[in-house]
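The values are calculated or read from the model by the stated rules, or taken from the named source; none is laboratory data. Remember, it's a predicted structure, so these values are computed and weren't measured experimentally. Don't worry about glycine lacking a Cβ; one is built from the backbone with ideal geometry, like all the others, and counts go over all protein chains shown. For the accessible areas, the whole protein counts, side chains as well, though only heavy atoms, and no ligand, DNA or RNA atoms are used. Shrake-Rupley method; radii C 1.70, N 1.55, O 1.52, S 1.80 Å.
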Amino acid sequence: MTGDVLAIAWRTVSLASLATLVMLPPGIALAWILARRQFPGRAMLETLVSLPLVMPPVATGLMLIWMFGRRGPLGGPLSQLGIDVMFTWRAVVLAGAVMGLPLLVRAARAGFEQVDRRYEEIAGTLGASPRRVFLTISLPLAKRGVLAGALLGFSRALGEFGATIMVAGALPSTRTIAVAIYSYTETGQEAAATTMLAVSASIAFGALLLSNRFASSA
Amino acid sequence: MPVPITLDFLLCQGDFRLEMHERVEARVVALFGPSGSGKTSVLESIAGLRSLERGEIRIGSRTLYDSGAGVDVPSHRRKVGYVPQDLTLFPHMNVKRNILYGARSDRDGGSAEGLEQILSLLELHPFLDRRVGDLSGGERQRVAIARALTTAPLVLLLDEPLTALDRGLRARVLPYLKRIRDELATPMVYVSHDEAEVRALADWVVELDGGRTIRSGPALTPSPKIT
């Protein structure tokens with residue numbers, strides 16, 4: 001059982017880390033756009049980004065099946081390239097990234113909003129292009145908010161269950177801590193479920209502690 | 001050597017309206033006026049940080065804004081060295097990185113010799129590795145000016161550069177500004193309330209009130225507002 005616990009814990013942490021890497025580029029871009037740009041449809045985008053926070057995770061999972069299933073608008077072309085998403089480790093990453101994205105965007109957006117625009121303006125007068133201003137001024141000054149958001153997103157991906165079980169099932173190759181707790185409990189393996197619970201709580205506690213530390217000093 | 005400077009534009013922001021009709025040849029143009037008269041808005045218009053209604057802004061032979069010709073050079077391509085009143089030194093960079101920020105983004109403007117000259121002129125060598133938060137007021141001022149100068153600017157825009165300094169520091173920083181004017185020959189548009197500063201530096205004075213020019217002429221022309 002110890003081997004199983006370790007393998008599941010390792011898989012969960014590494015796939016949640018990968019999900020965090022996947023959500024970072026779009027998450028940072030969305031956070032910056034929402035913090036700095038006014039445009040028609042901004043409220044719509046803001047609502048759309050937050051949707052996974054309030055929708056039942058299984059509903060989000062169902063939408064991912066529609067999009068990334070073999071006949072889906074994204075899953076179809078990927079399947080033709082030989083990349084299957086559903087019921088593989090990629091589905092676990094996808095579910096974690098989609099469910100963690102809103103938390104990352106919220107914290108990173110707060111980070112960007114706290115950056116005094118004067119720094120960005122003055123960097124521009126010094127000849128820096130908007131891209132360079134973003135990379136050398138906005139992002140470094142918002143880094144604590146971005147890091148706090150990344151850790152929140154990671155924590156969310158770590159504990160993801162509803163969407164994950166829809167898109168990746170409870171296969172031995174895709175089983176994460178949350179799914180394992182459910183499976184062990186269902187099959188009466190209470191000791192294993194309790195061990196997984198302890199591992200899950202420890203990792204999430206550490207990640208949240210770090211996230212709060214970054215957020216409070218942002 | 002005096003440089004032709006055209007500041008002929010209209011800026012409208014909410015209820016505030018700023019009108020300038022200046023075409024002067026000067027090394028240092030001083031902008032005077034009470035708070036809210038539009039001095040900083042003039043500098044930010046030149047720097048490309050404000051959206052103008054119409055008009056022209058030219059420094060030397062370079063057109064920065066010309067509504068008639070549809071020219072509005074973006075802020076990062078204007079090559080102006082703006083030193084705002086709050087200095088806005090980048091807090092996450094040390095002195096050296098602050099100073100080099102503009103130099104690195106201006107590949108055709110700066111040179112190692114130019115940078116060395118600026119550092120020597122402003123006596124900044126001892127501070128290069130310091131954090132900007134550890135600097136005194138006068139040192140911060142010099143870093144902000146050096147940072148603006150390393151872009152090899154067409155014009156240096158200084159917003160009350162000595163106001164926040166005590167009398168002793170002012171006396172120490174003023175000679176640096178004179179050296180920039182004389183040795184680097186970079187034209188300046190300079191916002192100040194201090195007659196001594198203006199007499200020491202400027203050769204043209206524009207006095208503003210409520211967004212309008214109420215006096216414009218050579219610096220030594222007596223003015224009840226300045227004396």
Through the Karplus equation 6.51 cos²θ - 1.76 cosθ + 1.60, θ set to phi - 60°, convert the phi angles of segment B:40-53 into ³J(HN,Hα) values in whole Hz; use x for Gly and Pro. 5, 4, 4, 4, 6, 5, 5, 6, x, 9, 10, 8, 8, 6
Report the Cα-based extents of segment B:23-149 along its three principal axes, largest first, to the nearest Å. 47, 37, 28
Give the long-range amide H neighbours of B:Ile214: residues separated by 5 or more places, or on another chain, with amide H under 5 Å away, using H modelled in the peptide plane at 1.01 Å from N. B:Glu207, B:Leu208, B:Asp209
Debye calc, one equal point scatterer per Cα of segment B:158-211, no solvent, log10 I(q)/I(0) at q = 0.18 1/Å comes to -0.60
Using amide H atoms built 1.01 Å from N in the peptide plane, name the residues 5+ places from A:Met55, or on other chains, whose amide H lies under 5 Å from its own. none
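Considering only DSSP beta bridges with both partners in the protein assembly as shown, what is the antiparallel share in %, to the nearest 5?
Values: 30 of 46 bridges.
About 65 percent, rounded to the nearest 5.
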Per residue of segment A:173-178, what does 6.51 cos²θ - 1.76 cosθ + 1.60 with θ = phi - 60° give for ³J(HN,Hα)? Whole Hz please, x for Gly and Pro, Karplus curve as stated. 7, 10, 5, 9, 4, 4
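Note down the net charge around A:Asp84, summing +1 for each Lys or Arg and -1 for each Asp or Glu among other residues with Cβ under 9 Å from its Cβ.
Details: positive: A:Arg70, A:Arg90; negative: none.
For residues surrounding A:Asp84, the net value is +2.
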Radius of gyration and Dmax over the Cα atoms of segment A:77-212, both given in Å: 19.8, 66
For segment B:36-153, calculate the relative contact order in percent as a whole number, restricting contacts to Cα pairs under 8 Å that are 6 or more residues apart. 28
Provide the per-residue ³J(HN,Hα) series for segment A:76-82, in order, calculated from phi with Karplus coefficients 6.51, -1.76, 1.60 and θ = phi - 60°, each as a whole number of Hz, with x at glycine and proline positions. x, x, 5, 4, 5, 7, x
Could you work out the Kirkwood radius for segment A:123-165, taking every pair of different alpha carbons, averaging 1/r and inverting it, reported in Å? 12.5
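Could you give me D for the protein assembly as shown, from Stokes-Einstein at 4 °C and 1.567 mPa s, where the hydrodynamic radius is the Kirkwood radius over C-alpha pairs? Units µm² s⁻¹, please.
My calculation gives 51 µm²/s for D.
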Taking R0 as 51 Å, what FRET efficiency do you get between A:Leu48 and B:Glu25 from their Cβ-Cβ distance, rounded to the nearest 0.05? 0.35
Each label point is 7 Å from the Cα along the Cα-to-Cβ direction; what then is the distance between the points at B:Ala196 and B:Ser120, in nm? 2.9
Springs between alpha-carbon pairs under 10 angstrom, Gaussian network model over chain B: which of B:Leu156, B:Leu11, B:Leu31 fluctuates most? B:Leu11
In a Gaussian network model over chain A where Cα atoms closer than 10 Å are linked, find which of A:Val54, A:Val105, A:Val146 has the largest mean-square fluctuation. A:Val54
From the protein chains alone at 1.4 Å, what is the descending order of accessible area for A:Phe205, B:Phe9, B:Phe127, largest first? A:Phe205, B:Phe127, B:Phe9
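Which length gain, in nm to one decimal place, applies between A:Asp116 and A:Gln80 when the Cα-Cα distance is subtracted from 0.36 nm times their residue separation? Let's see the in-between values first.
Numbers: separation 36, 0.36 × 36 = 12.96 nm, distance 4.73 nm.
That pair, A:Asp116 and A:Gln80, stretches by 8.2 nm at full extension.
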Which value, in Å² and to the nearest 10, is the accessible area of B:Asp209 when all protein chains are kept and the probe is 1.4 Å? 70
If each residue of separation counts as 0.36 nm, what is the full-extension length gain between A:Ala201 and A:Met55 once their alpha-carbon separation is subtracted? 50.2 nm
So how much accessible area does B:Leu100 have, in Å² to the nearest 10, using a 1.4 Å probe? 40
Spelling it out for B:Val71: with amide H atoms placed in the peptide plane at 1.01 Å from N, the residues 5 or more places away or on another chain with amide H under 5 Å from its amide H are B:Asp66
Just for segment B:75-215, what percent of DSSP beta bridges are antiparallel, to the closest 5? 35
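For an R0 of 30 angstrom, estimate the FRET efficiency from the Cβ-Cβ distance between A:Leu6 and B:His92 and round to the nearest 0.05. Each step should come with its number before you reach the end.
Values: r = 40 Å, r/R0 = 1.33.
Calculated value: 0.15.
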